[in-house]
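One structure is given here, and the rest of the page talks about it.
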Amino acid sequence: MSQTPPVLDVRDLSKTFAIRRSFFGRGGGAVHAVDGISFAIAEGETLGLVGESGCGKSTAGRAILRLTEPTAGEVWLDGERIDGLGAGEMRLKRRDIQVVFQDPYSSLNPRLRARDIVAEPLRNFASAIPGGIEERVADLFDRVGLRPDQMDRFPHEFSGGQRQRLVIARALALKPRVIICDEAVSALDVSVQAQVINLLARLQRETGVAFLFISHDLAVVEHVSHRVAVMYLGRIVEIADKAALYGQPRHPYTQALLSAAPVPDPDGRRDRTILKGEVPSPINRPSGCHFRTRCPSAAAECAKVSPVLRDVGGNHHVACHLVEG
Ligand SMILES: Nc1ncnc2c1ncn2[C@@H]1O[C@H](COP(=O)(O)OP(=O)(O)OP(=O)(O)O)[C@@H](O)[C@H]1O
Ligand SMILES: [Mg+2]
């Protein structure tokens with residue numbers, strides 16, 4: 001059977017940060033930021049990754065990109081394993097796997113003109129550009145909705161939304177297979193957010209690029225994603241098609257997140273659950289199910305056995321002992 005492999009295939013990825021003892025001899029140990037997450041993204045697909053602050057979303061993205069070394073697990077890109085590549089080989093792979101962060105200003109060289117920012121990856125990587133680099137840069141400007149007269153501007157001469165368009169143009173320059181967007185629109189005004197989101201959707205239709213869309217904003221993720229994964233304390237607790245995840249969330253944590261967020265629920269189908277307490281520390285996690293200390297329906301079993309993600313039907317995966325199916 002020959003099937004096209006997923007564009008991005010992440011298997012049991014973990015990242016643990018070692019921490020030093022404090023002056024008072026407290027602490028020591030490890031931060032389990034990402035704890036064995038697995039998912040795959042197909043060509044032209046957007047997977048949303050949501051969860052509260054500190055649950056490990058950015059660390060997951062950075063470990064996939066090797067901006068931080070994964071502690072364990074595998075990352076496959078178009079059927080090729082990339083997590084073990086050396087620095088030089090990984091640099092070449094960055095053509096195919098790009099990233100857009102929240103703050104475009106910090107990721108742009110303030111001394112370069114916009115045209116050179118977009119041309120830089122082309123000069124560094126591409127051997128021959130049909131039509132030449134100038135023409136390609138002009139095309140990229142056009143695609144992301146920037147005007148030709150803005151090509152000679154410096155990053156500080158753009159608005160926040162325009163700067164994010166510039167970052168997207170640069171990310172697209174080498175025709176990547178997947179772009180990891182980490183809170184890519186979170187700093188923008190709502191109306192500008194919508195423009196950038198529409199831009200990403202159009203670019204995906206035109207190029208088939210896959211997105212891993214990391215955000216704490218459930219409404220934005222609902223808008224952009226085909227499927228959505230929910231993280232809690234380093235683990236994926238639920239992953240499903242968008243409609244199923246938002247329409248019939250099965251994990252008590254997802255239900256609580258959605259009932260707390262201003263996400264439209266026109267049919268009033270979702271039960272209201274209020275999350276009690278704080279997220280436990282990733283240094284000292286509860287035994288068994290990490291969510292049990294805040295779960296409204298935790299049972300004795302939940303403290304003993306860590307629930308695994310399983311398919312409860314229709315490609316809807318949930319890690320909870322109490323969910324049937
Ligand atoms: N370099 C590091 N050293 C030690 N701990 C770290 C490091 N980077 C992240 N962490 C910890 O790992 C956990 C996950 O952090 P991460 O930034 O991935 O969360 P996040 O889900 O992206 O949060 P946010 O929504 O606030 O961006 C946190 O507890 C964080 O403090
Ligand atoms: Mg983050």
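Looking across segment 125-137 at every residue that is open to solvent by 40 Å² or more (accessible area, probe 1.4 Å) and in a loop (DSSP other than H, G, I, E, B), the one that is nearest to Arg66 (Cα to Cα) is identified as Ser127. For segment 161-204, the set of residues classified as without any contact (Cβ under 8 Å) to a residue 24 or more places away in the chain and of a type outside the set (A, V, I, L, M) consists of Gln162, Ser191, Asn198, Arg202, listed by residue number.
Residue-wise test of (1) within 16 Å of ligand 1 (Cβ to nearest atom); (2) under 27 Å from Ala201 (Cα atoms).
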position: Asp35; (1), (2): yes, no
position: Gly51; (1), (2): yes, yes
position: Ser58; (1), (2): yes, yes
position: Ala63; (1), (2): yes, yes
position: Arg81; (1), (2): no, no
position: Leu85; (1), (2): no, no
position: Val99; (1), (2): yes, yes
position: Gln102; (1), (2): yes, yes
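Only residues that are under 18 Å from the mean Cα position of the chain (by Cα) and without any contact (Cβ under 8 Å) to a residue 60 or more places away in the chain were counted across segment 247-260, and they come to 1. Applying the criterion of being open to solvent by 40 Å² or more (accessible area, probe 1.4 Å) and either over 20 Å from Ala42 (Cβ atoms) or touching an Asp or Glu at 6+ places or on another chain (Cβ under 7 Å) (or both) to the residues of segment 212-224, the residue that is nearest to ligand 1 (Cβ to nearest atom) is His216.
Quick one: would you say Arg227 is more than 16 Å from ligand 2 (Cβ to nearest atom), in contact with an Asp or Glu (Cβ under 6 Å, 6 or more places away or on another chain) and open to solvent by less than 50 Å² (accessible area, probe 1.4 Å)? Yes.
Residues of segment 151-191 that are among the β-branched types (Val, Ile, Thr) and part of a helix (DSSP H, G or I): Val167, Ile168, Val190.
Scanning segment 138-150 for residues that are open to solvent by less than 50 Å² (accessible area, probe 1.4 Å) and part of a helix (DSSP H, G or I) gives Ala138, Leu140, Phe141, Gln150. Restricting Val192, Val209, Val196 to residues that are modelled with pLDDT under 95, open to solvent by less than 10 Å² (accessible area, probe 1.4 Å) and more than 16 Å from ligand 2 (Cβ to nearest atom) narrows the list to Val196.
The values are calculated or read from the model by the stated rules, or taken from the named source; none is laboratory data. These numbers come from a predicted model, not from an experiment. Every residue, glycine as well, gets a Cβ built from its backbone with ideal geometry; the counts of neighbours run over all protein chains shown. Please note that ligands, DNA and RNA were not included when accessible areas were found on the heavy atoms of the full protein model with its side chains. Shrake-Rupley method; radii C 1.70, N 1.55, O 1.52, S 1.80 Å.
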